[in-house]
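The values are calculated or read from the model by the stated rules, or taken from the named source; none is laboratory data. As the structure is a computational prediction, the values presented were derived from the model and not from experiment. Cβ atoms come from the backbone with ideal geometry, glycine included; neighbour counts cover every protein chain shown.
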Ligand SMILES: [Zn+2]
């Protein structure tokens with residue numbers, strides 16, 4: 001509502017300004033708002049009971065996507081809704097069967113390798129007990145077939161699947177799982193972080209132990225001494241010399 005003495009200019013309904021201030025829709029209907037509607041997406045990424053969807057939450061390195069995933073899962077569990085956590089088996093950072101965030105929180109997760117049928121994994125978990133949704137970390141490492149399996153789980157088992165992954169590798173190429181998710185996901189959201197210049201970081205460089213930018217090598221490198229730095233596209237181009 002507007003403060004005393006502030007005039008609303010115009011006739012025939014609320015001004016755009018007033019509409020923005022009010023939680024009511026044009027019919028003045030506030031009764032349909034629930035606790036879930038008033039929570040930001042980060043807290044509960046989807047409203048339970050709605051149609052199941054495949055979500056792709058993408059980011060560059062070090063944007064905190066595992067933190068966001070773990071927090072979201074925790075928020076459902078805190079409200080008595082069980083979640084099923086999955087992560088890539090080849091991720092050496094967290095150890096087998098665990099999703100870990102750089103800020104120190106972690107949770108147990110089932111791991112998937114390239115040859116695993118993730119639809120069957122989700123179905124088998126659902127057969128044991130009810131789950132509200134599935135969270136998949138390191139989704140960039142899914143194969144295209146596995147992304148189709150997730151889509152089938154959404155469509156046929158009617159369970160929401162929230163996949164979190166990196167969009168591009170250090171050479172600026174899409175990961176296979178991310179390419180398939182960009183093609184098949186019902187909804188996509190970006191987990192944002194910033195470059196050293198303050199712009200949104202969308203790219204990542206790989207550096208050796210001396211801080212030199214590496215421009216060649218395998219898409220996935222595990223157990224080395226390299227580090228990753230997230231940059232905006234302009235600073236990524238400067239770093240890789242393109
Ligand atoms: Zn920048």
Inter-residue pairs, beta-carbon under 9 Å, first part of a loop (DSSP other than H, G, I, E, B) and in segment 43-55, second modelled with pLDDT under 80 and buried (at least 19 other Cβ atoms within 10 Å of the Cβ), 6+ apart: 52/46; 53/46
Given the structure, is residue 72 modelled with pLDDT of 90 or more, in a loop (DSSP other than H, G, I, E, B) and under 18 Å from the mean Cα position of the chain (by Cα)? no
Of all residues in segment 171-193, which are within 16 Å of the ligand (Cβ to nearest atom) and at pLDDT 95 or above? 172
With respect to residue 178, determine if the residue is in contact with a strand residue (DSSP E or B) (Cβ under 6 Å, 6 or more places away or on another chain) and assigned to a helix (DSSP H, G or I). yes
Among (1) over 25 Å from residue 44 (Cα atoms); (2) in a loop (DSSP other than H, G, I, E, B); (3) away from the ligand (no atom under 16 Å from the Cβ), where does residue 197 come up short? (3)
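To keep it simple, each residue is scored yes or no on (1) within 18 Å of residue 162 (Cβ to Cβ); (2) surrounded by 13 or more Cβ atoms within 10 Å (Cβ to Cβ); (3) modelled with pLDDT under 95.
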{"position": "66", "(1), (2), (3)": "yes, yes, yes"}
{"position": "88", "(1), (2), (3)": "yes, yes, yes"}
{"position": "112", "(1), (2), (3)": "yes, yes, yes"}
{"position": "116", "(1), (2), (3)": "no, yes, yes"}
{"position": "127", "(1), (2), (3)": "no, no, no"}
{"position": "134", "(1), (2), (3)": "yes, yes, no"}
{"position": "139", "(1), (2), (3)": "yes, yes, no"}
Which one of these is touching a residue at least 12 places away in the same chain (Cβ under 8 Å) and surrounded by fewer than 16 Cβ atoms within 10 Å (Cβ to Cβ): 166, 162, 150, 182? 182
Would you check if there is a residue in segment 223-241 being surrounded by fewer than 17 Cβ atoms within 10 Å (Cβ to Cβ), under 21 Å from the mean Cα position of the chain (by Cα) and assigned to a loop (DSSP other than H, G, I, E, B)? no
Which of the following residues is within 16 Å of the ligand (Cβ to nearest atom), over 18 Å from residue 142 (Cβ atoms), within 15 Å of the chain's Cα centre (by Cα) and surrounded by 13 or more Cβ atoms within 10 Å (Cβ to Cβ): 213, 202? 202
